[in-house]
Amino acid sequence: MTTAVLSPVAQPVSIPVREIMPWAIFGGLLALFALYFVGTEQGATALFNGMYIHEFLHDARHLLGFPCH
């Protein structure tokens, strides 16, 4: 005799927007901060003296398509 066994189905969990929003804002600010340093630091809007940041991020600039020479 055969018996059918039903496996449980996973139900999606809803996450309220007010719980996601602080993390989304934090992630967005972190992305803008990284984009600034890779894209424009040591250019016309430099915040730091010297070329250390430019040289540290030099290959990332070219990889992402930012000209720096």
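What follows is calculated from the coordinates using simple rules that are stated; it is not laboratory data. Computed from a prediction, not measured in an experiment: that's the story for all the values here. Cβ atoms come from the backbone with ideal geometry, glycine included; neighbour counts cover every protein chain shown.
Ordering of 58-68, 5-15 by packing is 58-68, 5-15, highest average first (other Cβ atoms within 10 Å, averaged per residue).
Helix content alone sets the calculated 222 nm mean residue ellipticity of the chain: runs of n ≥ 4 DSSP H residues at -39500 (n - 2.57) each, divided across all residues, give -15500 deg cm²/dmol. Relative to the longest principal axis of the Cα atoms of the chain, helix 17-39 runs at roughly 30 degrees.
Computing Cα extents along the principal axes in Å directly from the structure and comparing it against (1) 69, 28, 19; (2) 74, 35, 17; (3) 79, 31, 17 singles out (3).
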